[in-house]
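So the structure is just underneath, and the comments pick up after that.
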Amino acid sequence: MPTLVPTTIAGSLPKPEWLAPAHQLWAPWLLEGEKLAEGKRDAVRLALFDQEHAGIDIVTDGEQSRRHFVTTLIENLEGVDFKHKKTVRIRNRYDADVPIVVGPVARTHPIYVDDAHFLRGQTGRRVKFTLPGPMTMVDTLYDDHYRSREKLAWAFAEILNEEALAIEATGVDVIQFDEPAFNVYFDEVRDWGIAALERAAQGLKCRTAVHICYGYGIKANIDWKATLGSEWRQYQQTFPLLAQSSIRQVSLECANSRVPLELLGLLAGKDVLVGAIDVATDRVETPQGVAATLRAALAFVPANRLHACTNCGMVPLSRDVARAKLEALAAGAALVRGELSG
Ligand SMILES: [Zn+2]
C-alpha cells in the first residue's frame, strides 16, 4: 500500500559551511577542482542523511551541487554569454545582473545526469530531482537573440526535456520543474507557459511535478508579499490550467501564507504537495502546527493525493533550523497519517 501523506521537500537545503558560505543565494564555492567535486558528493550524503534521519519519504540531493537553481543549468548551455551581463527586473520584483542570450541555446552535454545517478546510488528511498521550468529560465536572462520570451521558453523546454529524459534513465522517481514565474505572468502561463512545461516533461514515465511558490525568504520576496493584500489569489488563475495538464504533482505554498485554501480544490486529479513549512522564518514549526496546515488542506484535497512538503527551498536557512524543520515536517505528517488510518 502506498504511504499515506508522504513527505518531501521543495528541493534545496543549506550547504555545509566548508562548501559554501551560509545564508546566501549564488554563494561562491569554497573548494576547487577535485576537492570541490568530492565536497559536493559529501554534501549530498549529508543532505540525504538529514532527510532520512528526519523521516522524509521522497528525498532530494538538497541541490548541493549547484550554486543556483536556474543559473547553474544555464551556465552549461551554449548560446548564453556569462561574461557580459545586463540588469533586468526578476519577476517584476528586484534587479539582477543576468547573462545574455547571444545565439541559439543548446545542450551540448549532460548537465545533472551524473548528479542524479550519484543521488540514486546513495539511498534506497524514493528520490526527486529538480530542474528549473522554461518560463523561470527565460525570466532570469536578457534575450538578445530570440527577442521573444515564448520562443526562448520553447527552446529551453526542448533542452530540459533532453536532460529530464536522461535523468529519468538513472532511476529517479520524480522530476520536478520549478516555476515561481507562474505566480507572476498569468497571461503568459495561459498562452504558452503550461504548453512549454508539458514539452519539458514530454515522454517522462516517472512522476512529474511543478513547484510554484512565493519565493525564498529573501527581503525582495517578503516585501513583495506585503503588497499582495489579505488574500493571495495568484494560484486561482494557474491551477485550473494545471489541472488540465499532463503534470502529475503540484507543489505549492501554504504555511503562513494568505493563500485561500479552497484554491487547492482547483487541482482535481493532481497530487498536491502542500507547503507546511515556512522557509522565510527561523522559527521552527511544531509537529502540531504542520498537522494543522495539512488537516486544513484535507478539506480540499483527497487524502490519497496529499503530500507534506516545504513552502520552497531551504537553502537560505541555517542547517540547524533546516534539520529541525525537516523533523517537524515528518512528525506533523505522521500525526495526520495516524488520524487518517486510525
Ligand atoms: Zn520555491
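When Ala296 is tested against (1) away from the ligand (no atom under 15 Å from the Cβ); (2) modelled with pLDDT under 95, exactly one condition is not met: (2). Of all residues in the range 196-211, none satisfies being within 13 Å of the ligand (Cβ to nearest atom), within 24 Å of Trp154 (Cβ to Cβ), in a strand (DSSP E or B) and touching a Pro at 6+ places or on another chain (Cβ under 7 Å). Here is the figure for the range 204-258: residues that are surrounded by fewer than 20 Cβ atoms within 10 Å (Cβ to Cβ) and aliphatic (A, V, I, L, M) total 8. Taking the range 1-22, which residues are in contact with a Lys or Arg (Cβ under 9 Å, 6 or more places away or on another chain) and more than 16 Å from the ligand (Cβ to nearest atom)? Of everything in the range 1-22, those that are in contact with a Lys or Arg (Cβ under 9 Å, 6 or more places away or on another chain) and more than 16 Å from the ligand (Cβ to nearest atom) turn out to be Thr3, Leu4, Val5, Pro6, Lys15, Pro16, Glu17, Leu19, Ala20, Pro21, Ala22. The single condition among (1) free of Cβ contacts under 8 Å to residues at least 40 places away in the same chain; (2) surrounded by 14 or more Cβ atoms within 10 Å (Cβ to Cβ) that Gly33 does not meet is (2).
Of all residues in the range 84-124 being of a type in the set (D, E, K, R) and at pLDDT 90 or above, which is farthest from Gly171 (Cα to Cα)? Only one residue fits best here, namely Lys86.
So that you can scan it fast, the table gives a plain yes or no per residue for (1) in contact with an Asp or Glu (Cβ under 9 Å, 6 or more places away or on another chain); (2) crowded, with 24+ Cβ neighbours inside 10 Å:
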site	(1), (2)
His117	no, no
Thr123	yes, no
Pro134	yes, yes
Asp143	no, no
Ala153	yes, yes
Phe156	no, yes
Phe177	no, yes
Phe186	no, no
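The set of residues from the range 300-327 being within 13 Å of the ligand (Cβ to nearest atom) and surrounded by fewer than 21 Cβ atoms within 10 Å (Cβ to Cβ) comprises just one member, Pro316.
Looking at this structure, is Leu4 surrounded by fewer than 20 Cβ atoms within 10 Å (Cβ to Cβ) and in contact with a Phe, Trp or Tyr (Cβ under 8 Å, 6 or more places away or on another chain)? Judged against the criteria, Leu4 is not a match. The single condition from (1) more than 16 Å from the ligand (Cβ to nearest atom); (2) buried (at least 22 other Cβ atoms within 10 Å of the Cβ) that Leu266 fails is (2).
No other residue among Val80, Val59, Val101 is under 26 Å from Cys206 (Cα atoms) and not charged (D, E, K, R) apart from Val59.
Would you please list the contacts, defined by Cβ atoms under 9 Å and residues six or more apart or on different chains, that run from a residue in the range 170-190 that is on the phi > 0 side of the Ramachandran plot and free of Cβ contacts under 8 Å to residues at least 60 places away in the same chain to a residue that is away from the ligand (no atom under 16 Å from the Cβ) and in a loop (DSSP other than H, G, I, E, B)? Qualifying pairs under 9 Å: Gly171/Cys206. Each residue in the range 23-77 was checked for being on the phi < 0 side of the Ramachandran plot and assigned to a loop (DSSP other than H, G, I, E, B), and 20 pass.
The values are calculated or read from the model by the stated rules, or taken from the named source; none is laboratory data. Just so it is clear, the structure is predicted and the values come from calculations on it, not from any experiment. Every residue, glycine among them, receives a Cβ derived from its backbone with ideal geometry; neighbour counts consider all protein chains shown.
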